Amino acid sequence: MEKSVSFSKDGNVGTPKYGLDSPDPKSESQLSGEVAEEKDLNGEEDAPASRGDHPNMSLVQILDDVDRFLNTLVKDSYESKPPPEVPDSVELLSKMVGSMIDNYNQGQASLIKFGKDPENDSSFLEALSRISELSNELGIFASLGSGLNRASSVLQRAMSFLDEEFRTLLEDPKSDNYKDIKNNNNKTPKQSSSNNNNSHEFSDRCVLGEADQSDQPEDEFAAFSPETVSKLNKIAKAMIKAGYDTECCMAYTISRRTAFKGALQKLGYDNISIDDVQRMQWESLEGEIATWISIVKQCSAVLFPNEQKLCDSVFSDHPSISQSLFSNMARSFVIKLLDFAEAVVLTKRSAEKLFKFLDMYETLRDLIPAISGESYPPEIAKEMTTEAATAKTRLGEAALSIFCDLENSIKSDNGRTPVPSGAVHPLTRYVMNYLKYACEYKDTLEQVFRQCLRMDDHDHHDKDNDNDDQVQKDQHHQHELDPSKTSPFSKQLMSMMDLLDVNLDMKSKLYRDPSLSYVFLMNNGRYIVQKIKGSTEIHQLMGDTWCRKRSSDLRQYHKNYQRETWGKVLQCLGHEGLQVNGKVSKPVLKERFKSFNAMFDEIHKTQSTWVVCDDQLQSELRVSISAVMIPAYRSFLGRFKQYLDAGRQAEKYIKYQPEDIETFIDELFDGNATSMARRRT
């Protein structure tokens, strides 16, 4: 069996791989004879030996002789002279390179042949470099014939071989730099899905998802091994030097785009058309948006930087080619991703879409700096950033429209049926939860409002920055010098709260019992205050002054309720009118006890079915009622009980002991209609 032949810089042509001292069936003289025989078979005459040409020349000697010949071509001008004499070393070099290619292709079981023997690779690339130079320099001499044809033919064979090796290295499964990438879009930024706007059922227990930036560690996108990158670099360098840059770039582009598309598909990417997006149900589209956000963030933070790193490493000697290849590939995928954002903007707008729109807005906002750097040519960077900025602006406009439409939802909620038991109205829950979650995006909404809203006082606010003292004094009086209060988003938030107040005040008038209307206002007012105090973002926007005003309103509702409910009961326990001619009138006293019993029974029966949702408010109401009623009743009973005859007459009119009053008060606002019935049985 024929053993493989190596071609080293130092050794002679035909030096066997296993060493100079080992016997080889094919000696150097035999290889030289084969070369001569091949020339005879091709019908070529032996050229006279010149400049030291010798059939047993080593590769180093051949390369040196070729270099001298190339230098002669560069120094001398042959425009008006006969063509130069081509030395035999050129012919030998062509044959040597052809044999090297044959040697690569023989006995190699693996797909990748280049790179198994670095010394051979170095010799091959160096010889190939001279062949490409010879092909370029001798191309002007059409009369050179076979020498030029052989060099060109060998060069094409070499380029075909390297092109195949280049593709194989790029597509080698062992070098799949996307194989470990995973779809981690199960967590959506900040907000999970909210309910439909018309239902007013925005759960108090909604949990905000946090964007997990640690799902994809930087080293999860494993780069090609240094050995593979080195091979790719050597091949690219050789192909570009030989004038095969177009073929090299095409092979790289096709391979990397295929790999990149496969990576996106692993992340869940699906090239959805605009029509498909329009036909999607929101639940499905919401999942696609979450996937899109994850993909864009991966591209921005991991995929693009690593792809650029690979491209720069492979084409390290040609930065302009590297920049062009990477930027064009990145551009094609960025445009596709932006097309999805544009399609989402065109869908029918509804309240539950706000938070996903804001997530997409933030994603594009973070993407723009990543695609506007020096990695991209100015014209491509400008195109991508312009497209991304346009999509971001449209998302912002859509989000703004959805958010501001909440005003219409509040205004249009004019139902004439009061909420049973004075509980918190569904509109209050919906609006406050919606605003609470919206304020999680406070900075983003501020940016959206400033970009999209043309408010009359926006320019007025800009003048504040120019030291308009009077305006600043007015703002200090109105907003405590809190800059957030002058922002468009803050003003919109204030407007919505005012609309909600007006709506709740209107709904409180639907109750026939004034006491219940005050309980309704207390319930809703306390819910609003607690929501605002529980959210740092919304509390900062509304401010302490607003919260103090709200608390003051709650205290007033409390006082109004006590006056409306217990004022008449307390009148029964007053001393006025009980004495006639200086003596306590028993009939009047009996009527007083009867009136008190009837009033207290009715209050307990009615208000034990009412609801106070907040435990603290419920306790405060009961304590305040007990603090007024129990001392008054105990005093009245202690003073006038003696005027009633002992026995059955006293039991008939004195229905409650002070302890009973306290027990029954503690049953108020439980929403329990059977408490009195149970007490009596």
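The values are calculated or read from the model by the stated rules, or taken from the named source; none is laboratory data. Just so you know, these numbers come straight off a predicted model, no measurement behind them. Note that each Cβ is placed from the backbone with ideal geometry, even for glycine, and that neighbours are counted across all protein chains shown. Accessible surface is based on the protein model in full, side chains and every heavy atom, while ligands, DNA and RNA are left aside. Shrake-Rupley method; radii C 1.70, N 1.55, O 1.52, S 1.80 Å.
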Can you report the number of residues in segment 298-320 which are open to solvent by 60 Å² or more (accessible area, probe 1.4 Å) and in contact (Cβ under 8 Å) with a residue 60 or more places away in the chain? 4
In segment 366-384, residues that are in a helix (DSSP H, G or I) and either open to solvent by less than 30 Å² (accessible area, probe 1.4 Å) or at pLDDT 95 or above (or both) total 4
Could we say that Gln323 is in a helix (DSSP H, G or I), under 16 Å from the mean Cα position of the chain (by Cα) and touching a residue at least 24 places away in the same chain (Cβ under 8 Å) here? no
Based on what the data block shows, is Glu620 surrounded by fewer than 19 Cβ atoms within 10 Å (Cβ to Cβ) and part of a loop (DSSP other than H, G, I, E, B)? no
For segment 281-296, which residues satisfy the criterion of being open to solvent by less than 60 Å² (accessible area, probe 1.4 Å) and of a type outside the set (Gly, Ala, Ser)? Trp282, Leu285, Glu286, Glu288, Ile289, Thr291, Trp292, Ile293, Ile295, Val296
Restricting to segment 233-244, and then to whatever is closer than 11 Å to Phe315 by Cα and charged (D, E, K, R), can you tell me which residue is surrounded by the fewest Cβ atoms within 10 Å (Cβ to Cβ)? Lys237
Count of residues meeting criterion [modelled with pLDDT of 80 or more and under 13 Å from Met159 (Cβ atoms)] in segment 115-130: 3
Any idea which residue in segment 578-595 is modelled with the highest pLDDT, counting only those that are assigned to a loop (DSSP other than H, G, I, E, B) and surrounded by 11 or more Cβ atoms within 10 Å (Cβ to Cβ)? Ser585
Counting just the residues of segment 262-280 that are in a helix (DSSP H, G or I) and open to solvent by less than 40 Å² (accessible area, probe 1.4 Å), which one comes out nearest to Phe340 (Cα to Cα)? Val277
Filtered residues of segment 558-577 (kept if in a loop (DSSP other than H, G, I, E, B) and either surrounded by 14 or more Cβ atoms within 10 Å (Cβ to Cβ) or among the basic types (Lys, Arg) (or both)): Leu573
Report, ordered by the first and then the second residue, all pairs with beta carbons closer than 6 Å, sequence separation of six or more or different chains, a first member in segment 614-637 that is without any contact (Cβ under 8 Å) to a residue 60 or more places away in the chain, and a second member that is part of a helix (DSSP H, G or I) and of a type in the set (Asp, Glu). Ser626/Glu662; Ile630/Glu662
Condition first: among the aromatic types (Phe, Trp, Tyr) and open to solvent by 50 Å² or more (accessible area, probe 1.4 Å). Can you find one or more residues in segment 544-557 that meet it? yes
Return the residues of segment 403-419 that are surrounded by 15 or more Cβ atoms within 10 Å (Cβ to Cβ) and more than 23 Å from Thr444 (Cα to Cα); say none if nothing qualifies. Ile410, Asp413, Pro418, Val419
What is the number of the single condition among (1) at pLDDT below 95; (2) basic (Lys, Arg); (3) in a helix (DSSP H, G or I) that Arg429 does not meet? (1)
Would you be able to say whether some residue in segment 519-534 is under 19 Å from Met629 (Cα atoms) and surrounded by fewer than 19 Cβ atoms within 10 Å (Cβ to Cβ)? no
Cβ-Cβ distance below 6 Å, separation of 6 or more or different chains: which pairs start in segment 583-610 with a residue that is more than 16 Å from Asn672 (Cβ to Cβ) and end on one that is assigned to a helix (DSSP H, G or I) and β-branched (Val, Ile, Thr)? Met599/Val569
Got a number for residues in segment 346-361 being modelled with pLDDT under 95 and over 16 Å from Cys404 (Cα atoms)? 2
Being closer than 14 Å to Ser515 by Cβ, touching a helix residue (DSSP H, G or I) at 6+ places or on another chain (Cβ under 7 Å) and either of a type in the set (D, E, K, R) or outside the structural domain of Gln642 (by the TED database) (or both) is the filter here; which residues of segment 560-593 pass it? Glu564, Lys568
